[in-house]
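A.B. asks: For reference, the structure I am asking about is given below.
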Amino acid sequence: GEFVRSFKRPDALTGKWGNRVADNEAGWSAFPWDCLLKGDNSVWWWTSWGCDYTPFNPDLSQNNFGRWFFAAARETTAGPGNLLLHAERDDSRIAVLYSQQDLFAAAIVGQLVEGAAFAGDRSFLKEHEAILKGIKDLGCQFRHFSVADLEQGRIPPDDYPVLILPCASCISEEQVAALREFVE
């Protein structure tokens, strides 16, 4: 979700499937709000099995899942929900570099060196998530930037005086030059 929030186009339709986390009244009532507070502008429902986990009964009347979900979805489109939908998130002027190459390198090292620190794709992502949680625990927000953003100078130091390089292990000469320019 954080990657989508940072990298989406301004007009993108974003959301999540709620089925696996919202299987009771509290879950379905909270799910649209959770999506809204995480920067999504829609909520989704998907199921491919039976009639016991859909918003509708076989006669197309709403069941409890549907009543809970649609009531909460309506709440998020009015009043405070509508204000949040159109609000801008304060990113606390913290940039976090995301590198797919670093993820691939960690996955390869995990296959080659048993027990290596930060090795394996899950370990890399857990370390990345831990850094993001630490930023949030400090009461701050952030925005992800890609390696291409770094190389092409699209991380303005005046706007983002803090640049975090989580688990950076594959830094090219071009990236080193861009980092030096950023710091200067």
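A.B. asks: I want to confirm something. Restricting to the range 55-114 and keeping residues that are over 29 Å from HIS144 (Cβ atoms) and touching a Phe, Trp or Tyr at 6+ places or on another chain (Cβ under 7 Å), which single residue is most open to solvent (accessible area, probe 1.4 Å)?
C.D. replies: GLN62
A.B. asks: What are the pairs with Cβ atoms under 8 angstrom where one residue, in the range 158-184, is under 20 Å from LYS136 (Cα atoms) and the other, located anywhere, is of a type in the set (Phe, Trp, Tyr) and part of a loop (DSSP other than H, G, I, E, B)? Sequence gap at least six, or different chains.
C.D. replies: Pairs that qualify, where the first residue is under 20 Å from LYS136 (Cα atoms) and the partner is of a type in the set (Phe, Trp, Tyr) and part of a loop (DSSP other than H, G, I, E, B), are ILE164/PHE142; CYS167/PHE118.
A.B. asks: Can you find, within the range 101-137, the residue that is modelled with the highest pLDDT among those that are β-branched (Val, Ile, Thr) and out of contact with any Ser or Thr (no Cβ under 9 Å at 6 or more places or on another chain)?
C.D. replies: ILE131
A.B. asks: Also, I was wondering about something else. Of all the residues that make up the range 143-177, how many are of a type in the set (Gly, Ala, Ser) and more than 16 Å from LEU103 (Cα to Cα)?
C.D. replies: 2
A.B. asks: Could you check the range 47-150 for helices (runs of 4 or more DSSP H) lying wholly inside it with 2 or more residues that are among the β-branched types (Val, Ile, Thr)?
C.D. replies: 100-112, 121-137
For every residue, the table says whether it meets (1) under 20 Å from PRO10 (Cα atoms); (2) under 21 Å from the mean Cα position of the chain (by Cα).
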position	(1), (2)
LEU83	yes, yes
HIS86	yes, yes
SER92	yes, yes
ALA106	no, yes
VAL109	no, no
GLY120	no, yes
CYS170	no, no
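The values are calculated or read from the model by the stated rules, or taken from the named source; none is laboratory data. This structure is a prediction, so every number in the text was calculated from the model and none was measured. Reconstructed Cβ throughout: ideal geometry from the backbone, glycine too, with neighbour counts over all protein chains shown. Heavy atoms of the whole protein, side chains included, go into the accessibility calculation; ligands, DNA and RNA do not. Shrake-Rupley method; radii C 1.70, N 1.55, O 1.52, S 1.80 Å.
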